[in-house]
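The values are calculated or read from the model by the stated rules, or taken from the named source; none is laboratory data. No experiment lies behind these values; they were computed from the predicted model shown. Positions of Cβ are generated from backbone atoms using ideal geometry, with glycine treated the same way; all protein chains shown enter the neighbour counts. Accessible surface is based on the protein model in full, side chains and every heavy atom, while ligands, DNA and RNA are left aside. Shrake-Rupley method; radii C 1.70, N 1.55, O 1.52, S 1.80 Å.
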Amino acid sequence: MKSKIHDYLEEVRAFSATETGQLEQFRLRFLSKKGILNELFEDFKVLPPSEKRETGMLLNQLKTLVQEKLDGSREKLEQQWMEGMLLPDLTLPATFMEPGSRHPLSVVRNEIIRIFAGLGFSVAEGPEIEDDWYNFSALNFPPDHPARDMQDTFFISKDPDILLRTHTSSVQVRVMEKQQPPIRAIFPGRVFRNEAISARAHCIFHQVEGLYIDRHVSFADLRQTLLFFAREMFGPETSIRLRPSYFPFTEPSAELDISCNICGGKGCNICKHTGWVEILGCGMVDPNVLQNCHIDPEIYTGYAFGMGIERITLLKYLIRDIRLYFENDLRFLRQFTAAF
Ligand code: PHE
C-alpha cells in the first residue's frame with residue numbers, strides 16, 4: 001500500500017491543468033465518493049496496527065497535496081483567463097462594427113439648421129414640458145381657444161396648467177423674454193398633440209420655429225427668407241406662394257406653399273393634383289406678443305415661422321407613412337446611411 005501511495009504522490013506532483021475540464025477530472029479521480037482517496041482510506045482501516053502509523057502519515061500527505069494542487073491550479077487558470085480578457089491577442093483581426101446612420105428626421109433638421117445658419121440664424125431650444133403662459137397665453141391665444149382643450153393637448157396638470165408643448169412657438173416667448181432685439185434664431189424640437197395615430201398624423205412630431213425681431217423687419221424680408229430656404233432645400237427651380245391664414249400670435253398670418261417637388265408642379269398624389277404643397281405657417285409677430293415679452297412694438301417688428309420636420313422629410317424622401325419615423329425598423333433606417 002505504501003508504494004501505491006508513493007506512486008500517487010508522484011502523479012499528483014507532476015499534474016498540471018491547462019483548462020478547467022482537466023482540473024475537474026483530477027478532482028473526481030482523487031476526491032469523489034468512489035475516488036482514490038476514499039478507496040485508500042477504506043484499505044487503511046483494515047491495515048494491521050503496526051503499519052497504520054507510517055501509512056497514515058503518507059495518506060494525509062497525499063490528501064493535503066491533492067487539495068493544494070487543486071487550489072493552486074484553479075487560481076492559476078483564473079489568472080490566465082483574466083489576463084486573456086484584459087490583454088486580448090492584439091494580432092487578431094478587429095471585430096467589425098457596422099456604421100450606423102442618422103435618422104432621416106435628424107438629417108433634415110441638420111439641413112434646415114445649415115441653411116438658416118448661412119443667413120445668420122443661431123439655434124436655441126426650449127423645454128418640452130411647458131406651462132399655459134409659454135404655450136398659449138403669451139402667444140395671444142384667447143382663453144377659450146380650442147387648442148387649449150383637453151381633447152387636443154396633453155395636460156400634465158390643471159391649475160397650474162402644465163402641458164406638453166403643442167408647438168415650438170413657446171420658445172419664441174422664452175427667447176424674447178430673455179433677450180432684447182436684434183433676435184435672429186431658429187428653435188428645433190419635439191412637439192405633442194392628442195392626435196389619433198395614422199399614416200398622416202402622430203401624437204409626437206418635430207418642428208423648427210424661426211424668429212427674426214429687429215427694427216424695420218418687414219413681410220418682404222419674411223418672403224425672401226422663405227424663398228431662399230425653399231430653394232436651398234428643394235432645388236433652385238422651386239417657386240413659393242403665400243396664402244392668407246390665421247394664427248393668434250402673428251398678424252398678418254400666412255401659409256407657405258412650394259411648387260410640388262415630386263411632380264414638378266404638374267400634379268400628383270402628394271400635391272393632390274394642385275401642383276402646390278404646404279410646408280409651413282408664418283406671419284409678422286403680433287404686437288401683443290412683443291408686449292407680453294417686454295419688447296416695444298413701436299420700435300421693433302419681426303416675423304416668425306414654424307415648419308413640421310416630418311412634412312419636409314416626406315417631400316425630400318417620399319416617406320408616405322409618418323409612423324415609419326418612430327418604429328425603429330432597421331430596414332427603413334438603413335436606407336439613410338448615405339445621408340448625414
Ligand atoms: N406654431 C404654428 C403651428 O404649430 C406654426 C407657426 C409658427 C405659425 C410661427 C406662425 C408663426 O401650426
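Overview of values
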{"read-out": "Stretchable slack from PHE44 to GLU98, in nm (0.36 nm times residue separation minus alpha-carbon distance)", "value": "12.8 nm"}
{"read-out": "Antiparallel DSSP beta bridges within the chain, percent to nearest 5", "value": "95 percent"}
{"read-out": "Rounded to 10°, Cα long-axis angle of helix 49-86 versus longest principal axis of the chain", "value": "20 degrees"}
{"read-out": "Segment 178-262 - Rg and Dmax from Cα coordinates, angstrom", "value": "15.3, 43"}
{"read-out": "Label zone at CYS203 (point 7 Å along Cα-to-Cβ), backbone N below 20 Å, segment 112-142", "value": "128-132"}
{"read-out": "Built amide H within the under 5 Å cut-off of ASN194, gap 5+", "value": "THR153, PHE154"}
{"read-out": "Of all accessible heavy-atom area on segment 104-336, the percent that carbon and sulfur account for (1.4 Å)", "value": "50 percent"}
{"read-out": "Rotationally averaged projected area of segment 17-135 (alpha carbon convex hull; nm²)", "value": "19.3 nm²"}
{"read-out": "Distance between segment 264-340 and segment 171-231 - C-alpha centres, whole angstrom", "value": "9 Å"}
{"read-out": "Distance between modelled label sites at GLU51 and ARG215, nm, 7 Å Cα→Cβ extension", "value": "11.9 nm"}
{"read-out": "Extreme residue, positive dipole direction of the chain, given options TYR134, PHE332, ILE295 (C-beta unit charges)", "value": "PHE332"}
{"read-out": "Average accessible surface area per residue within the chain, 1.4 Å rolling probe, Å²", "value": "57 Å²"}
{"read-out": "Environment charge at ILE299 (Cβ cut-off 11 Å; Lys +1, Arg +1, Asp -1, Glu -1)", "value": "-2"}
{"read-out": "Hydrodynamic radius of segment 104-336 per Kirkwood, over alpha carbon pairs, in Å", "value": "18.4 Å"}
{"read-out": "Kirkwood estimate for segment 2-86, i.e. one over the average of 1/r between Cα atoms, Å", "value": "14.0 Å"}
{"read-out": "Karplus (6.51, -1.76, 1.60) ³J(HN,Hα), θ = phi - 60°, over segment 266-281, in Hz, Gly and Pro reported as x", "value": "6, x, 8, 4, 4, 8, 6, 6, 9, x, 10, 10, 7, 10, 6, x"}
{"read-out": "Segment 15-21 - phi-based ³J(HN,Hα) in whole Hz, Karplus 6.51/-1.76/1.60, Gly and Pro as x", "value": "5, 8, 10, 9, 8, 5, x"}
{"read-out": "Simple label model, 7 Å out from Cα along Cβ direction - PHE332 to ARG29, nm", "value": "6.2 nm"}
{"read-out": "Shape metrics for segment 95-183, restricted to C-alpha atoms - Rg then Dmax, Å", "value": "17.6, 61"}
{"read-out": "Helix-only mean residue ellipticity at 222 nm for the chain, each DSSP H run of n ≥ 4 adding -39500 (n - 2.57), per residue, nearest 500", "value": "-12500 deg cm²/dmol"}
{"read-out": "Surrounding net charge for GLN25, when Lys and Arg each add one and Asp and Glu each subtract one, Cβ distance under 15 Å", "value": "+2"}
{"read-out": "Sites GLU195 and LEU119, calculated FRET efficiency, Cβ-Cβ separation with R0 35 Å, nearest 0.05", "value": "0.65"}
